[in-house]
Amino acid sequence: MVSPARTARTLGRLVYWLLCLLLVLALVATAAAVVTIRRSFPEQQGTLALSGLHGGVRVLRDRYGVPQVYAGDAHDLFFAQGFVQAQDRFWEMDFRRHLAAGRLAELFGAGQVETDTYLRTMGWHRIAEQELRLLAPSTMDHLAAYAAGVNAYLRAHRGSALSLEYAVLSLQNPHYRAARWTPADSVSWLKVMAWQLRGNDDAERMRALLAARLPSARVAELFPPYDDRAAPPIVSGGKVVHGRFVPTDRTPPARGDRVSPDTRSALRHAGARASLTHADRALDAVGAVAGQGGDGIGSNAWDVAGTRTATGKPILANDPHLGPAMPSIWYQMGLHCTRVGTACPFDVAGFTFSGLPGVIIGHNARIAWGLTNLGPDVADLYLEKVHGDRYLYRGRWLPLSVRNETVRVAGGKPVPISVRATRHGPLLSDASADLRLVGGKYAVAMRWTALTPGRTADALFALDAAGGFTAFRAAARLFEVPAQNLVYADVDGHIGYQAPGRIPVRSGYDGDWPAVGWTGRDEWTGYVPFDALPYSFDPKDGYVVTANQAAVGRSYPYHLTDDWDYGYRSRRIASLITSSPGPITVARTHRMQLDTSNDAARTLLPYLRRLHPPAGTERAWRLLARWDGTMPADSAAAAYFNSVWAHVLARAFDDDVPPGVRPDGGSRWFAVMGKLLTQPGSTWWDDSTTTHVRETRDTVLTEAMGDAYDELSRRLGADPARWRWGDLHTLTVQNQSFGTSGVAPIEWLFNRGPLRLGGGLSVVDATGWYVGQGYEVRWVPSMRMIVDLADLDRSRWVNLTGASGHAFDPHYFDQARIWEAGTTAMRWN
């Protein structure tokens, strides 16, 4: 008989060795994981021998991994840029080109076929290929050199040696191999950026969908006219004389509602409204992968002349507001010809996009520039009458143009698709298979300037090499899509501004509502001439502020758009400049970028403070009684106010406004609410779903304070003094491809956060969120840059995440905590 003691010893040894085996397996798995993760980290030390270079190239990286490239000629400069960006960010580059081309199903399988169909309808990569034939020979040389550098990296790396994402992808798509890089792959990303910054078609759709439920007068109340006096335009006014822009201060009265009778009539038909709804879904689906625009997404950029600075030279600041991504949408870099001259004119540093040669925003040895979204109306939705494969135009049934394509699917059969178009553009409503099969009478086409080939790629290299305002404007002339505000400063002390872009001139309508395609009356007749676009040089006030407000006063003869940002950020920035207690410095400029003063709070607070708070909410109400209207992350009052703001908007509008077009809380709603608060008996305050009582302004405000108290008590605890805005207003930076996979371990690999943030809607520190969809941050200052033209080495920058696209690389997320704290920006070199 085996003794119990011996049995216990045997079991003990078995458990011991089993634990040892598990430990060994865990160590092996960990080692394999570490090897897999680290094998794609780029070689950043020593010397590499690469075929294809004309001479030696130096790449120096700072402590944040940001590269500065030095080369003897332009070919080697852009070859090295392609190689280095592929080292750091190739998965991002590969994903971006698949997105732009509508080829996501090649990576991720059948689940992306519908998305690819939407993207193929837009045809971005196809347009990029056409653009290559229009570009200057030097631009084509730079694009080809860049592609050669990327491909030199690809020759020596594949699969998980390129990036960890390929190891994850291989679990689903083991046969995928990255294709060679092409110049069209680079140019196509400009189309995706143009999509994010395209203008007012969101507002166009909202007006049309609201018109189905509300009288036009009530719709107009939700789109108040821009107030030039409250938020001065970038250029106060202007007229065009002999084809050239001339500033003027004359301000005529605002225009009236210009929706055409044809559009009004069409919107009465259920079929037209159904087509618009399906087009709306298609645009939302594209936005889900390509980036979604919205009220509040824009940017800040300003510069101040030497008369206002401590050094006597200009300071230029820029912080573009875009959707957050992991890694950051921007890639920091310097490109330096070792001998600057005609053959190699580049000595530039700043921010670019991975996959695209050159620098987008930054400075060279002579000038600095920044960008914000001009936001003109460059896209129109056209209601079309269709029958089978024909559409009606001026009394004739014309054949739809049809483009047949094939979507290749990882692990599945190819899917043939066809893209139909009228003379006005591709049919977005075709994305609805049901609508197309039923043979609906109406369809919706999209006309957009980005769907016509252009020369924006030429503009990037011309900006990088510009040495003064004349050359800067010559580069801007080529900057067609997306139309941007360009802010300028130089080492000689000049500041300036130029509005570039391909902006349509319309006949028969103004673009605020969907156009009618079948009459031939609603048409584009040309584009605003570049020489007629607004600009300024050394303005007398000594500063230029652009924050997506109106570009020019109402005396300007061309209609750019009616859907500007309403100017709360621009007004605040101008106030901070003009009220500065002393000369402006880089440090003061940085504090301005972090300003969180909220104009919506200043408008609403007086009404809240004079009301009796709901019973039990007095401690929360007292937070507002002594609040200064700023929104740092540690503010209890900001947390309460933003919740009140969300509930006020919901109570006022959700009963009358359909889902999809309800308030998102941004600058337009600041303006709407500013007027509505002066009308205590407005029908907007009354809840149309109740019949026993008529609600008023004070009823809604009081109930919203109670709603907010109940919500925050559940989420943050019963003591209002312990509430913090940053506990609600968080940012998790998600990988664009795998970050929303729904598989927690994969999301853990690639996503980072959460960060606790201050700022908010339509404030200078624009950490935006969508009312009704939680308080999480949806768009951010994607980078911050300050250029000191007195000493370029004193310039400052910070990126949202880091230089690397490799998860667990030291530079994957190393700038994020600096960005979050908002207390430090780093030198360029």
### Query
What's the long-distance tail for the range 140-186, i.e. % of Cα pairs beyond 18 Å?
38 percent
### Query
What list of ³J(HN,Hα) values in whole Hz, one per residue of the range 681-690 in order, does the Karplus curve 6.51 cos²θ - 1.76 cosθ + 1.60 (θ = phi - 60°) give from phi, with Gly and Pro shown as x?
x, 4, 5, 4, 6, 6, 7, 5, 8, 10
### Task
Report the FRET efficiency, 1/(1 + (r/R0)^6), for R390 and A220, where r is their Cβ-Cβ distance and R0 is 35 Å, rounded to 0.05.
0.45
### Query
Protein chains only, probe 1.4 Å: how do T691, T683 rank by accessible area, largest first?
T691, T683
## Note on the structure
Hits for the chain under the membrane-span-like helix rule (DSSP H, Cα axial span at least 24 Å, Kyte-Doolittle mean at least 0.0) are 4-38, 137-156, 270-290, 636-653
### Query
If you rank F738, F108 by how much accessible surface each has, with a 1.4 Å probe, what is the order from largest down?
F108, F738
### Query
Which sequence of W518, W723 reflects their accessible areas, 1.4 Å probe, from the largest down?
W518, W723
### Summary
So L50 and S682, fully extended at 0.36 nm per residue minus their Cα-Cα distance, gain in nm 220.4 nm
### Query
Out of residues 5 or more away from M326 or on other chains, whose amide H comes under 5 Å of its own, with H placed 1.01 Å from N in the peptide plane?
Q734, N735, Q736
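Give me the percent of the accessible area of the range 158-208 that comes from carbon and sulfur atoms, probe 1.4 Å, all protein chains in place.
In the range 158-208, the share of accessible area belonging to carbon and sulfur is 55 percent.
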### Query
Taking the Cα centre of the range 497-643 as origin and charging only Cβ (+1 Lys, Arg; -1 Asp, Glu), how large is the dipole, in debye to the nearest 20?
700 debye
### Rg to Rh, two decimals, where the range 706-772 supplies the alpha carbon set and Rh follows Kirkwood
1.06
### Query
Which three semi-axes in whole Å describe the equivalent ellipsoid of the range 76-193, each the square root of 5 times a Cα gyration tensor eigenvalue, listed largest first?
24, 21, 9
### Query
Under a Cβ-Cβ cut-off of 13 Å, what is the net charge of the residues other than A803 that fall near it, where Lys and Arg count +1 and Asp and Glu count -1?
-2
### Task
On each of the three principal axes of the Cα atoms of the chain, give max minus min coordinate, whole Å, ordered largest first.
91, 80, 69
### Extended-chain gain in nm, criterion 0.36 nm per residue less alpha-carbon gap, T470 and E711
81.1 nm
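Nearest 20 debye, what's the magnitude of the dipole of the range 60-199 about its Cα centre given +1 on Lys and Arg Cβ and -1 on Asp and Glu Cβ?
Here the range 60-199 has a charge dipole of around 160 debye.
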### Message
Charges on Cβ only, +1 for Lys and Arg, -1 for Asp and Glu, centred on the Cα centroid of the chain; of L427, F530, I367, which one is farthest towards the dipole's positive end?
### Response
L427
### Query
Looking at L755, G681, T696, which one has the Cα that reaches farthest to the positive end of the dipole of the range 679-757 (charges on Cβ: Lys, Arg +1; Asp, Glu -1)?
L755
#### Entry: Long-range amide H partners of S555 with built H, under 5 Å
G238
#### Entry: Net charge of Cβ neighbours under 12 Å - reference E165; Lys, Arg +1; Asp, Glu -1
-1
### Task
Would you pull out the residues with amide H under 5 Å of I584's amide H, same chain only if 5 or more places away, H placed 1.01 Å from N?
T309, A310
### Query
Where both partners of a DSSP beta bridge lie in the chain, what percent of those bridges are antiparallel, to the nearest 5?
90 percent
### Task
Run the dipole for the chain about the Cα centre, Lys and Arg Cβ at +1, Asp and Glu Cβ at -1, nothing else charged, and hand back the magnitude in debye, nearest 20.
860 debye
### Task
Report relative contact order for the range 490-563 in percent, whole number only (criteria: Cα-Cα under 8 Å, sequence separation at least 6).
41 percent
### Task
Could you list the square roots of 5 times each eigenvalue of the Cα gyration tensor of the range 280-401, that is, the equivalent ellipsoid semi-axes, sorted largest first and rounded to whole Å?
42, 20, 17
### Task
Compute the signed sum of charges (Lys and Arg +1, Asp and Glu -1) over the other residues within less than 15 Å, Cβ to Cβ, of G493.
-2
### Task
Would you mind computing, in nm to one decimal, how far apart the modelled labels at R817 and R244 are, each placed 7 Å from Cα along Cα→Cβ?
5.6 nm
### Task
Can you give me the three principal axis dimensions of the range 737-829 from its C-alpha atoms, in Å, biggest first?
50, 34, 19
#### Entry: Rg over Rh [alpha-carbon atoms, Kirkwood Rh] for the range 340-397
1.38
## Note on the structure
Contour minus Cα-Cα span, R626 to T578, at 0.36 nm per residue, comes to 14.6 nm
### Task
Would you work out which of Y497, A475, T456 lies farthest towards the positive end of the dipole of the range 436-530, given +1 charges on the beta-carbon of Lys and Arg and -1 on that of Asp and Glu, about the Cα centre?
T456
### Task
At 1.4 Å probe size, with no ligands or nucleic acids counted, give the accessible surface of M140 in Å², nearest ten.
50 Å²
#### Entry: Nitroxide proxy distance, nm - points 7 Å out along Cα→Cβ at V340 and S170
4.5 nm
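The values are calculated or read from the model by the stated rules, or taken from the named source; none is laboratory data. Because the structure is predicted, anything quoted here is derived from the model rather than measured. Note that we place each Cβ from the backbone using ideal geometry, even for glycine, and neighbour counts take in every protein chain shown. We work out accessible area using only protein heavy atoms, side chains counted, and drop any ligands, DNA or RNA first. Shrake-Rupley method; radii C 1.70, N 1.55, O 1.52, S 1.80 Å.
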